[in-house]
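Below is one structure; the comments refer to it alone.
The values are calculated or read from the model by the stated rules, or taken from the named source; none is laboratory data. Small disclaimer: the values here were computed from a predicted structure and weren't measured. A quick note on method: Cβ atoms are made from the backbone with ideal geometry, for glycine too, and the neighbour counts reach across all protein chains shown. The accessibility values were calculated without ligands, DNA or RNA, using every heavy atom of the protein model including side chains. Shrake-Rupley method; radii C 1.70, N 1.55, O 1.52, S 1.80 Å.
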Amino acid sequence: MAAKDLKTGYRKNFSLIITFIILMSVLFLLSLALAYRFSTKFIENEFVSEKVNVLEQSIRPYNDFFQKKLPEVSYYNGYLDSATAGSFADTLLMQYPFVSKVIFYDSEVRNTPVADGLNTGRFSFGPKSIYQFGPLVPLDSVKLFSRERPRNFVIGDDFNALAIKLVSYIETLDTSKTPSQEELFSNFSNIRSNKITYLNIPRIEDLKTYKTMIRRELKSMPVYQQDMMTFQLDPGKIRIINSRPLLYQNIRIEPVTYDPLTLSEAYLTTEITLPGPFSDYKLYFVSSRSFIDREILSYFLPVATGILVFYGIVVLVAFLIYRNLNINQKMFKLQYDFMNNLTHEFKTPVSVIKIAGNNIRSAGSLSQKELSTYGKILDEEADKLNGLMNKLLAFTQIENKSIELNRDRVDIDEFLSGTVDTHRLKHPDFDFTYEVQGFSSFVTDPVLLGSLFDNLAENAYKYSPAHRKKLHVAAKLIKGKVVFHFTDQGIGIPASELGNIFKKFFRVQNQYNQNGSVGLGLAFCKEVVNFMEGEITVRSKVDKGTEFKIVLPFND
Ligand code: ADP
């Protein structure tokens, strides 16, 4: 019955463990797969979203040029000449490589018509001279046009477009209000493909005068200086800043219409249009799949490690809980066995006493021999009960530290021969010998020492086959300590059990302890030795024998 229980119990645990392991493995693999999918999605999203940052960083010099440098033209209030315009253009060309050429229109506004330029009402706006600056401009071609020597030069779209923009702005200008800086900036600049034209912003009073000129209301003939500049831009010269070199393998500038049809699945691409005058172009991002996979992996690995650690901890905790449950189960079984054995131990003498009592009562008269037999039986059984109770009591007392260690001088030879005699009397087939070396007496608790010897001698007798019931005790004084060796030639203890035999209620299952073993003897010995400030150890070989060693302090 017990074996069957054990089997089913084991099987139950086994299937539970297998289920747990399978479940954990499935969950683990699932989380890894999910983490990988998540990493892929994340990096693919980054591939699309991070382009904004690349654009922002790459276009920063342009924004700087547009927002800070352009308005500087206005500082000169229209009084730029070819030399100052030239040096201004040079610093620009140096600082911003994407500016390829600067054209400077040294112009004026007046109310007498101009041959080259724009005439509306009495508002005339035209260049006096035009210069061009740039690394590829030959020295003799710097001056393009002058009013005195027009050289067949057509002023062109850039000037005219901004001039028209200026006129229509002035026409709609509400002179009772001060226009905002943004309004002025956007109306005095013109952004076209790869080009920005900028006109210096006149004072508000001048704008009002310009308005009256358009309405033909101005009598006097003033002349106002205006500077206009056209910046030709080359998007190919924008320095691309790849802020995510592990994400984007290649970034280049392509026309917005660029769309390679032959691009294979092995590549990931995305694009973003450049702003302002570069809007005909885009940043084009390309990465090969294998390149992206590396980035995905470098994102996935730490996540996978995290998952691994997490599952490792869960498994460890599960293992600890399982082990604890197992220990509890074992403890429960030990307690159960102990109660069983103890009841049995008590039951045997009690029933013998009961039978003897019944016999005495029912017998009419008893002979002298019968009387002494019953008397002996009752006496022996009462002794057994008493012994059992004493053992339990002593154990509890020692455990609770509620007894005191007695200190008496013990003559070792006398003690040993007494012990040997008692055991031989009990078991005539017990070959119990002893030897003493190095001392003749020491101070200790004789009662506790006696119970140590009784327990070990009983075990040596009990756990030896009939023809090898032998025990040799050697008592020696070694390095100021009393050392006892108990050597028997019994059945021995398997190495795997040696760590357990001193535990309470523990028994090695064998044919010798089916009856009357509670598994308390060695646990009791260990408690007693500890209480006496000594040590007990064991060495054993199955089928050869066992040797217990007790070391006690030598108090002289
Ligand atoms: P028990 O009441 O079962 O004898 P013990 O605590 O005295 O309990 O011993 C625990 C177990 O150690 C025993 O069940 C027995 O199997 C083993 N044992 C103890 N002493 C010996 C020995 N001298 N030789 C072989 N086995 C022994």
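Suppose a student asked you for the relative contact order of the chain, using Cα pairs under 8 Å spaced at least 6 residues apart; what percent would you report? Mind dumping the intermediate values first?
Numbers: 750 pairs, mean separation 59.5, N = 556.
Relative contact order, the chain: 11 percent.
Please report how far the C-alpha centroid of the range 484-545 lies from that of the range 191-264, rounded to the nearest whole angstrom.
Measuring centre to centre over Cα atoms gives 99 Å.
Please give the FRET efficiency for residue 371 paired with residue 435, using the beta carbon to beta carbon distance and R0 = 30 Å, rounded to the nearest 0.05. Provide the component values of the computation, followed by the final result.
Numbers: r = 44 Å, r/R0 = 1.48.
Once the sixth-power term is evaluated, E becomes 0.10.
Determine the share of the range 60-237's accessible area contributed by carbon and sulfur atoms, expressed in whole percent, with a 1.4 angstrom probe. Before the final figure, lay out the partial values.
Working: 4580 of 8890 Å².
In the range 60-237, the share of accessible area belonging to carbon and sulfur is 52 percent.
Quick query: amide H of residue 432 versus all other amide H atoms, modeled in the peptide plane; which residues come in under 5 Å with a sequence gap of 5 or more or a different chain?
Counting only residues 5 or more places away or on other chains, the set is 471.
Under the rule that an exposed site lies in a DSSP loop and has at most 12 other Cβ atoms within 10 Å, name the longest stretch of the chain with no chymotrypsin sites (Phe, Trp or Tyr not before Pro) of that kind, not counting the sites themselves. Walk me through the numbers before you get to the answer.
Numbers: sites that count: 79, 258.
The longest such stretch corresponds to 259-556.
When we measure straight from the Cα of residue 41, which aspartates and glutamates land under 13 angstrom away, once same-chain ones fewer than 8 places off are left out?
Qualifying aspartates and glutamates at Cα under 13 Å: 293, 295.
Mind scanning 401/462; 330/384; 401/426; 330/481; 128/195; 330/469 and naming the pairs with a C-alpha gap bigger than 26 Å?
Numbers: 401/462 30 Å; 330/384 29 Å; 401/426 32 Å; 330/481 37 Å; 128/195 22 Å; 330/469 32 Å.
Correct reply: 401/462; 330/384; 401/426; 330/481; 330/469.
Just to check I understand the Karplus step: with θ = phi - 60° and J = 6.51 cos²θ - 1.76 cosθ + 1.60, what whole-Hz values come out for the range 454-466, glycine and proline as x?
After applying 6.51 cos²θ - 1.76 cosθ + 1.60, I find 4, 4, 5, 5, 4, 4, 4, 5, 5, 9, 10, x, 3 Hz.
Can you give the translational diffusion coefficient of the chain in µm²/s, computed by Stokes-Einstein from the Kirkwood radius over Cα pairs at 37 °C and 0.692 mPa s? Don't skip to the end; give the middle numbers.
Numbers: Rh = 35.5 Å.
The diffusion coefficient I find is 93 µm²/s.
Which of rounded, prolate, oblate describes the range 404-553, given a ≥ b ≥ c as roots of the alpha-carbon gyration tensor eigenvalues and a/c under 1.5 marking rounded, otherwise prolate only if a/b is larger than b/c? Intermediate values should be presented prior to the final figure.
Details: a/c = 1.69, a/b = 1.36, b/c = 1.24.
Prolate shape, in that a/c is at least 1.5 and a/b is the bigger ratio.
Take the Cβ-Cβ distance between residue 397 and residue 20 as r, set R0 to 51 Å, and report the resulting FRET efficiency rounded to the nearest 0.05. Intermediate results must be reported in sequence, preceding the final value.
Working: r = 45 Å, r/R0 = 0.88.
Efficiency for this residue pair is about 0.70.
As I understand it, the dipole of the range 423-556 uses +1 on the Cβ of Lys and Arg and -1 on the Cβ of Asp and Glu, about the Cα centre. Which of 524, 511, 485 lies farthest toward its positive end?
Of the listed residues, the answer is 511.
Label points 7 Å out from Cα along the Cβ direction at residue 72 and residue 49: separation in nm?
Placing both labels 7 Å beyond Cα along the Cβ direction yields 3.8 nm.
What does the accessible area per residue of the chain come to in Å², with a 1.4 Å probe and no ligands, DNA or RNA counted? Numbers along the way, then the final one.
Numbers: 31830 Å² over 556 residues.
So the chain comes to 57 Å² accessible per residue, rounded to a whole number.
For the range 327-344, list residues with backbone N below 12 Å from a point placed 7 Å from the Cα of residue 503 toward its Cβ?
So the set is 327-335.
Starting from the 7 Å offset along Cα-to-Cβ, what nm value, one decimal, do you get for the label separation of residue 250 and residue 386?
Spacing of the two 7 Å Cα→Cβ label points: 10.5 nm.
Among the trypsin sites (Lys or Arg not before Pro) within the range 521-556, which fall in a DSSP loop and have no more than 14 other Cβ atoms within 10 Å of their own Cβ? Walk me through the intermediate numbers first.
Working: sites: 526, 539, 541, 544, 549; in loops: 544.
Taking the range 521-556 and a limit of 14 other Cβ atoms within 10 Å, the loop trypsin sites (Lys or Arg not before Pro) found are 544.
From the phi angles alone, apply the Karplus equation (6.51, -1.76, 1.60; θ = phi - 60°) to the range 42-52 and give each ³J(HN,Hα) in whole Hz, x where the residue is Gly or Pro.
So the J values, rounded to whole Hz, are 4, 5, 5, 5, 4, 4, 7, 7, 5, 4, 4.
Could you please state, rounded to a whole Å, how far the C-alpha centre of the range 266-340 is from the C-alpha centre of the range 418-448?
68 Å
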